[in-house]
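J.: Sharing a structure, written as structure tokens. Questions coming.
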Amino acid sequence: MTSRQAGYVTPGTDNPPLAVLSVGNFDGVHRGHARLIGRAARAARKIGAKCVAVTFKKPFGVRTGSALTSAEEKAALLIEAGADEVIALDGGNKLWRLSPEDFARKILLRLNPAAIVAGYDFRFGRNAAGKAQDLPAILREAGRKIKLIVEKPLKHRGSIISSSAARRAVARGDVKTASRMLGRPYSVSGAKTSGAGLGAKLGFPTVNINVPREKMLPAGIFACFASPATDNRRPIMLKAAAYAGKSPTLLRLKKNRLEFHVISPEGFLNAVKDARKWKVFFIDKIRDDKKFASTRVLKKQIKKDIILAGGLLNKPSSKAKVKRGDPGMATV
């Protein structure tokens, strides 16, 4: 295990240390995933082993533009949840064509597992034919005895928390429900890019974000916090109103775009105006996107949206949500 990139390591041919493995897509790294990794970390500490999260650079079965986390975000969140290492498997179609037996022997066995912690619905191998309960027998035939721990599902309001459920919530713009499943606000990070300048012409200058190709973007108008990537030792959160859509009134784009207008004091925006990268935390949805009869009507509605966003973001509960991910974060 030698190559490292953004928290990921690639399986090598050397002798890895004893490990407790947890394997999965882990898209979104929701509360259920975090609990599973925590269980694996505790099991690893008991025997002096490493807690290793095994995932995939491209989540299996997740279409481009539908992922809840980028590869870098997923690695950081898994480590935050308790993993000592995150191993990204990047084998393309060859990887998905492996039988359950070959996946266990050629991939998992090489990582020197003492135990494997799996979710209740874990499947592996070609056509997802392998179940977690198959692993001990497969590895025993290969000469390795392991302990299997199957984690029960975690529920939210009676429904099982899953990446699919969180994706459905984000897709319909229900970022509050997604936040409860993820254990933190849904967020999108991206480089600052140039826009059409329409916001400034309307009197509401915006920061435009280049959304990563793999990331899911909710559509609508949202109350959000925006955090610039700066050299500031204490990261800051700026209150903002975000727009994600195709601008049907003025531009009629084919693809959704993301931009936000900072509500926080102008002085704070000026202090970070040269930031090249931003992270937008979606706190609550204000309304759906729609086409307006004129720019005058649109401008009037934007004013209302900004006032409503400011009220939502001033609630202590909104600030608490975003500080869960970084207790040292300052909100402005």
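J.: Size of the dipole of the chain about the Cα centre, Lys and Arg at +1 and Asp and Glu at -1 on the beta carbon, nothing else charged, in debye to 20?
T.: 940
J.: Also, quick follow-up: Tell me, what does the Kirkwood hydrodynamic radius of the chain come to in angstroms if you use every pair of distinct C-alpha atoms?
T.: Roughly 21.4 Å, rounded to one decimal.
J.: Classify region 4-156: rounded, prolate or oblate, from the alpha-carbon gyration tensor (a ≥ b ≥ c, eigenvalue square roots; a/c under 1.5 rounded; otherwise prolate if a/b is larger than b/c)?
T.: Rounded.
J.: To the nearest 10 degrees, how steeply does helix 71-81 sit against the main Cα axis of the chain, on a 0 to 90 scale?
T.: That works out to roughly 70 degrees.
J.: Taking 20 Å as the cut-off for C-alpha to C-alpha distance, list the pairs among 74/131; 192/300; 255/291; 176/273 that go past it.
T.: 74/131; 192/300; 176/273
J.: Still on this structure, I have one more. Okay, helix-only estimate at 222 nm for the chain: each DSSP H run of n ≥ 4 adds -39500 (n - 2.57), divide by all residues, round to 500 deg cm²/dmol; what do you get?
T.: On the way: 10 runs with 95 residues, N = 332.
Roughly -8000 deg cm²/dmol at 222 nm, from the helical runs in the chain.
J.: In debye, nearest 20: dipole of region 4-156 around its Cα centre with unit charges on the Cβ of K, R (+) and D, E (-)? Could the numbers behind the result be given before it?
T.: Details: 26 positive and 14 negative charges, 79 e Å.
The calculated dipole for region 4-156 is roughly 380 debye.
J.: When each pair of different Cα atoms in region 179-224 is counted once in the 1/r mean, what is the Kirkwood radius in angstroms, to one decimal?
T.: Kirkwood hydrodynamic radius for region 179-224: 12.7 Å.
J.: Moving on. Starting from the amide H of residue 183, placed 1.01 Å from N in the peptide plane, find each other amide H under 5 Å away whose residue is 5 or more places distant or on another chain.
T.: Here 31 satisfy the definition.
J.: Using Cα pairs closer than 8 Å and at least 6 residues apart in sequence, work out the relative contact order for region 4-156, in percent. Intermediate results must be reported in sequence, preceding the final value.
T.: On the way: 271 pairs, mean separation 43.2, N = 153.
Relative contact order here is 28 percent.
J.: Which ³J(HN,Hα) values, rounded to whole Hz and listed in residue order, are derived for region 223-228 from phi using the Karplus coefficients 6.51, -1.76 and 1.60 in 6.51 cos²θ - 1.76 cosθ + 1.60 with θ = phi - 60°, glycine and proline given as x?
T.: 7, 8, 10, 10, 10, x
J.: Which one, 78, 162, 302, is farthest towards the positive end of the dipole of the chain when Lys and Arg carry +1 and Asp and Glu -1 on their Cβ?
T.: It is 302.
J.: Oh, and also: Please compute the contact order of the chain in relative form: average sequence separation of alpha-carbon pairs under 8 Å and at least six residues apart, divided by the residue count, as a percent.
T.: On the way: 664 pairs, mean separation 51.2, N = 332.
Normalised by residue count, the contact order of the chain is 15 percent.
Throughout, read-outs are computed from the coordinates displayed, never taken from laboratory work. What you see is a predicted model, and the numbers here were worked out from it, not measured in a lab. Cβ sites come from the backbone with ideal geometry, for glycine too, and all protein chains shown count toward neighbours.
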